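This is the structure I have questions about; it appears just below.
What follows is calculated from the coordinates using simple rules that are stated; it is not laboratory data. These figures come from a predicted structure and were not determined experimentally.
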Amino acid sequence: MANVRHRARIAAMQVLFELDITDHPLEPVLQRRLDDESLPADAAEFAQRIARGAWDRQSFLDNVIEQAAPNWPIYQMPAIEKAILRLAIWELLLNDQDPAPAKAVINEAVELAKHFGGDNSSRFVNGVLGTVVSQRQG
């Protein structure tokens with residue numbers, strides 16, 4: 001199941017990335033990504049919930065990111081890091097249906113950043129998410 005959830009998070013991240021750098025509408029982008037990915041039904045539903053949830057709450061999530069990384073204005077952040085942070089923060093703060101442990105969400109986001117981001121992406125993502133979690137617990 002973990003591997004399937006990982007693939008679902010990748011699909012959701014790719015949707016959020018495309019939406020951020022284009023003016024494409026959510027649903028066709030999401031449908032195309034899910035058609036290409038051929039995930040099991042529960043994983044496809046999970047990917048849809050993350051992508052829709054993060055896109056619908058983008059301004060809230062961006063505000064959380066800016067509070068956790070005040071030296072990095074959101075408009076200067078690479079789109080891939082924004083996509084990873086949006087989906088991870090949505091999962092940490094807003095996913096009340098089947099929440100994963102914070103450590104698992106952060107580890108997944110760091111892995112995505114290592115695979116898809118630049119040299120410092122994983123450290124940046126880990127730092128921002130660590131700050132988000134500690135602010136929420138404080």
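Note the full-extension length gain between Thr22 and Asn3 as 0.36 nm times their separation in residues minus their Cα-Cα distance, in nm to one decimal.
Working: separation 19, 0.36 × 19 = 6.84 nm, distance 2.87 nm.
The Thr22-Asn3 span can extend by a further 4.0 nm.
Right, here's the next one. Translational diffusion coefficient of the stretch 8-127 at 10 °C, 1.306 mPa s, Stokes-Einstein with Kirkwood Rh over Cα pairs, in µm²/s as a whole number. Working shown, then result.
Working: Rh = 14.2 Å.
This corresponds to a translational diffusion coefficient of 112 µm²/s.
Pick out which of Ala43, Ala51, Ala12 has the largest mean-square fluctuation in a Gaussian network model of the chain, springs linking Cα atoms closer than 10 Å.
Top of the fluctuation ranking is Ala43.
Now for a separate question. So what's the back-of-envelope 222 nm ellipticity for the chain, counting only DSSP H runs of four-plus at -39500 (n - 2.57) apiece and dividing by all residues, rounded to 500? Each step should come with its number before you reach the end.
Details: 7 runs with 106 residues, N = 138.
Roughly -25000 deg cm²/dmol at 222 nm, from the helical runs in the chain.
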